[in-house]
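Enquirer: Below are the structure tokens for one structure; questions will follow.
The values are calculated or read from the model by the stated rules, or taken from the named source; none is laboratory data. These numbers come from a predicted model, not from an experiment. Virtual Cβ from ideal backbone geometry, glycine too; neighbours counted across all protein chains shown.
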Amino acid sequence: MFLKKERTTGHDDPGLSTMAHSVPSNNLLRRFKEVLRKTPPRPRNQTPSVPQRPSKPRVQHIPQEPDSPTPLTGSTRNRKSILLSQPHGPDPEAQILSIPFSTVDDDDEDESDSKALQTLLRLSTSDADFMPWFTEESKYSSDIPTTDTPDDDDAQAAELLVLPLHPYLRPKENNIKTLLQLVWATLPPVPPLYEGSRLRKTKRPTLADCSVGVRLSKIVYVPHIFAPIEAAVASRLNSITIDLNNPLHREFATRVFPWHTAIGASRRIQSEVDTEDMVMNVLMRAAMAVAHTVLRESESNAVVSISENRNSDSPEPDGIQANSDPLPDDHDSPFPFLSSAHSRRRAKPDGILVLSGEHPDEITPLCLEVKTHAICSDRRNPLRHVQTPVPGHPHGAYKFNMPRSPSHSEDHTCSILTQIWSQLVCWNANYGILSSMETTTFYARKSDTLYISRCYGRKEETLFYVVCWVLLAIGAIPSLQLNLPKADISWWPRKMKNSRRDGVC
């Protein structure tokens, strides 16, 4: 119910002097809009009265402007709610609301009253811009429940992947709160060679390497090979919290964080064994510790799901506790594990990841090959040619002819590619890692094609990507799957197709 408001100035304006009793809500809005149209426009450089929506969601939206009207009291807000909640007009029994009207000629008072009116009902000069206060504020209120969408998850994961790396220093407790932050770190510097001109040769292909049943014929460079899986891995690792004030968590960190894992490394590279020892400790065993943590968490979550659906009298599964700390406190499960390779099979990598089984029937999804940084480094990369995109062909494949017999060729590219391919075939592995600590390359096998990543340096997210590759190989996160394109050989000229020269054509 609205009453006539007495005029406080000497000007007459029939449109503002009175208001009818029991006016329907549509007429009320129309009259309010007429008031706004008669209000002189503000200068362009004046701050708008209605607070602008922030660019990012906030916990609670509390507009504060120097020229804003006095915030509404609780009683005023209640009366406003009554007004807006009546679809057929104001409630006759509701408390009378006095709306501040004024004449157009009273500049200061009119400006303040117009702001109060706009703040009260959130009205603008067009119907399309009208938004009740409860609808607008609900976008920023912490009381409104929100649910994450897949797009939100992708956006959050993308933000995780651009965080700065932790330097190769003692871990800062305030900077490491999750498992992701523990592996998001720079690798240690590689020790110098004992003599600069040494260790520059690599193993030539053996007869066993040249006699594998499935021969390599195509190599596809996939610079963004981690794109389909990195966001999922980052989100999963970021969901596992770490408290470095907890002694058990601190002990676990010493198994993963590079500043700890490299502390006992050799001060000089005397042979490939020193590089292999460093790669195993800093990259591979750290990744295995993280993999066991992810597996342990998955088992714990599975127990929770089983417990919710089982009969209360049913016993808990042996060896697993629901809601247990995923960080292992004493030992890891027997499988998977990382070890050297026995000589039972013909091609012998520097390391294998054993998923299950006993000799000679092990399941080995991943092989490791180590070279010194005298062979593979930032300045000297024997795989540089095949780690270059084919112009005009994003999925262009390089032709490769595997040698059919051992040779004395010094072609390091041919030797390394033949070696890592024969290891994958002999050990029935689909994934491999080639590392010198200074650089690391990831590759995957499919049919007669080798898919190869770009070369990652020690100041990049190399440890994180080793974790990604290990989790993919052991199937720790079932949703992980690479997007390996079909090899494009349409660009091969006739001469290349007919070439039988060993190596990359």
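Enquirer: So Leu482 passes all but one of these: (1) part of a helix (DSSP H, G or I); (2) within 17 Å of Val220 (Cα to Cα); (3) of a type outside the set (Lys, Arg). Which condition number does it fail?
Expert: (1)
Enquirer: List every residue pair whose Cβ atoms sit under 7 Å apart, with the two residues 6 or more apart in sequence or on different chains, where the first one lies in the stretch 462-476 and is touching a residue at least 24 places away in the same chain (Cβ under 8 Å) and the second, anywhere, is among the charged types (D, E, K, R) and surrounded by fewer than 24 Cβ atoms within 10 Å (Cβ to Cβ).
Expert: As it stands, the answer is Cys468/Glu230, since those pairs meet every condition given.
Enquirer: When you go through (1) closer than 18 Å to Ile375 by Cβ; (2) outside any loop (DSSP other than H, G, I, E, B); (3) not aliphatic (A, V, I, L, M) one by one for Lys201, which number turns out not to apply?
Expert: Every condition holds for Lys201 apart from (2).
Enquirer: For the subset of the stretch 452-505 comprising residues that are under 22 Å from Thr186 (Cα atoms) and of a type in the set (Asp, Glu), which member is surrounded by the fewest Cβ atoms within 10 Å (Cβ to Cβ)?
Expert: Step by step, filter the stretch 452-505, then rank; the result is Glu460.
Enquirer: Which of (1) under 30 Å from Ser343 (Cβ atoms); (2) modelled with pLDDT of 95 or more is the odd one out, the single condition Trp184 does not satisfy?
Expert: (1)
Enquirer: Can you report the number of residues in the stretch 452-505 which are out of contact with any Lys or Arg (no Cβ under 7 Å at 6 or more places or on another chain) and under 30 Å from Thr178 (Cβ atoms)?
Expert: Total satisfying the criteria: 30.
Enquirer: Consider Gly392 against the criteria (1) at pLDDT below 95; (2) at positive phi: it satisfies all of them except one. Which criterion is unmet?
Expert: (1)
Enquirer: For the stretch 240-273, how many residues are acidic (Asp, Glu) and either within 19 Å of Thr186 (Cα to Cα) or in contact with a Ser or Thr (Cβ under 6 Å, 6 or more places away or on another chain) (or both)?
Expert: The qualifying residues number 1.
Enquirer: I'm checking my understanding of the structure. Among residues of the stretch 331-367 that are in contact (Cβ under 8 Å) with a residue 40 or more places away in the chain and among the charged types (D, E, K, R), which one is nearest to Glu276 (Cα to Cα)?
Expert: Asp350
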